[in-house]
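The values are calculated or read from the model by the stated rules, or taken from the named source; none is laboratory data. Quick caveat: nothing in here was measured; it's all calculated off a predicted structure. No Cβ is skipped: glycine too gets one built from the backbone with ideal geometry, and neighbour counts run over all protein chains shown. SASA here: full protein model, heavy atoms, side chains in, ligands and nucleic acids out. Shrake-Rupley method; radii C 1.70, N 1.55, O 1.52, S 1.80 Å.
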Amino acid sequence: MDVEKDDEDRRLVHRHLSGDPSGFEGLYRRHRERIFAVLVRMLRNREDALEATQEVFIRIHRGLDSFDASGRFLTWAYRIATNHAIDRIRRRKVRKETAIVEDVVTPTSDLRTGRSQPPGGAERLEREEVAAAIQQAVDRLADTHRIVFTLHCYEKLSYGEIAAVLGIPIGTVMSRLYHARRKVRDALPRDWDPGGPRRSHRKDEQ
Amino acid sequence: MTPLSDLQRFQELVEASAHRELTDVETAFIGRSGFRSAECRQWLETDAETVAAAIEADPLGEVPAATPLDWARVDAGLRKAGALADSKSPTRTTWPLLPAAAALILCIGVIYAIQRDGLSTTLHSAPEVIAEVLDLPDGDGSLILHEGDDEGVLMIILSNG
């Protein structure tokens with residue numbers, strides 16, 4: 001998130017508010033990939049995320065009149081996307097949909113192509129094992145924890161930015177992120193070492 | 001309160017937040033200490049490095065871009081909702097160009113006529129410049145500019161039909 005991009009966003013918002021349809025279109029083209037990515041991570045389902053992206057941008061279009069131009073467009077857009085993701089997750093639960101991770105690929109397949117990767121060496125197996133552990137752990141996180149975890153660990157938002165997006169105190173962001181991280185760490189293979197070859201003990205067990 | 005007791009309280013409250021709703025004061029304490037105290041921050045981010053390294057192995061770390069076909073579907077939905085302009089209909093920005101072009105051509109015609117004949121008060125020798133914007137059916141808008149005097153007629157026709 002940098003200042004120049006924010007200024008361009010403000011120009012596009014202004015253009016939209018002046019009645020020029022290229023304003024909204026510009027915002028959509030600039031941010032659709034990012035919003036789509038965050039929705040994939042929150043919803044853990046690509047098809048769902050695509051549909052949600054469309055709905056989020058419709059909400060953005062309808063709400064642009066009320067956007068406070070002194071704020072950041074992307075923070076505002078993240079807020080809309082996050083609230084929409086929460087709504088969808090709740091609706092899923094009501095409908096008792098079974099698998100949240102439906103078409104998100106398995107850890108042994110390539111997310112880009114969906115094709116299985118050929119078996120590789122020990123390093124690849126370890127990587128797949130870690131990927132599987134993370135996916136399961138993230139899926140099992142409480143919705144509120146997963147959203148904070150996604151915004152921080154994947155979208156690289158700071159504590160303050162997450163607080164602004166979600167409209168919650170920074171202290172709440174910190175505690176949720178702490179618990180989410182710990183659960184993900186606990187789900188990792190016991191002998192996995194981020195810095196090198198497998199060890200027999202984790203750092204905290206030494 | 002010593003820094004150590006701050007850290008202890010910080011740890012206690014963060015751990016407690018997993019089991020109960022914290023008060024506003026307690027939440028504010030976590031936020032404040034998490035920023036001000038290096039010890040608290042360090043403890044808060046104990047797992048950050050390990051998790052960040054593990055995330056690099058997660059396929060969701062890199063979400064594949066949606067395909068052009070995917071975006072075409074989203075675009076269609078946005079057009080239907082009125083958020084995006086319909087690509088089949090002329091955009092609003094196209095038509096305002098026509099009057100501007102007409103005015104420009106008119107000016108050029110007048111300047112050309114003045115340069116050729118000079119300024120004169122006699123009406124009979126004044127060049128005649130006529131611009132017509134025809135209100136033709138949608139998609140067939142035309143602009144015809146013709147300039148005439150005794151020596152002949154210059155006619156420019158612009159059409160997007």
Answer residue from segment B:16-29, given it is more than 9 Å from every other protein chain (Cβ to nearest Cβ) and charged (D, E, K, R) and is least open to solvent (accessible area, probe 1.4 Å) among those: B:R20
Selection count, segment A:9-22, where residues are in contact (Cβ under 8 Å) with a residue 12 or more places away in the chain and either in contact with a strand residue (DSSP E or B) (Cβ under 6 Å, 6 or more places away or on another chain) or surrounded by 15 or more Cβ atoms within 10 Å (Cβ to Cβ) (or both): 5
Failed item in (1) open to solvent by less than 50 Å² (accessible area, probe 1.4 Å); (2) modelled with pLDDT of 70 or more, with A:G167 passing the rest: (1)
Failed condition for B:W43, given (1) in contact (Cβ under 8 Å) with a residue 12 or more places away in the chain; (2) facing chain A (nearest Cβ under 7 Å): (2)
Single residue of segment B:1-15 satisfying the filter (among the aliphatic types (A, V, I, L, M) and surrounded by fewer than 18 Cβ atoms within 10 Å (Cβ to Cβ)) that is farthest from the other protein chains (Cβ to nearest Cβ): B:L4
Which numbered condition A:S66 fails, given (1) open to solvent by 10 Å² or more (accessible area, probe 1.4 Å); (2) at the interface with chain B (Cβ under 9 Å from one of its Cβ atoms); (3) of a type outside the set (K, R): (2)
Within segment B:1-55, helices (runs of 4 or more DSSP H) holding 3 or more residues that are closer than 19 Å to A:C153 by Cβ: B:38-44, B:48-55
Tally, over segment A:45-59, of residues that are at the interface with chain B (Cβ under 8 Å from one of its Cβ atoms) and open to solvent by less than 20 Å² (accessible area, probe 1.4 Å): 3
Per-region count, segment B:38-52, residues of a type in the set (G, A, S) and open to solvent by less than 30 Å² (accessible area, probe 1.4 Å): 1
Filter result for the condition that a residue is at pLDDT below 90 and in contact with an Asp or Glu (Cβ under 8 Å, 6 or more places away or on another chain), over A:R182, A:R115, A:R127, A:R198: A:R198
Verdict on A:A137 being outside the structural domain of A:R34 (by TED's automatic domain parsing), of a type outside the set (F, W, Y) and modelled with pLDDT under 90: yes
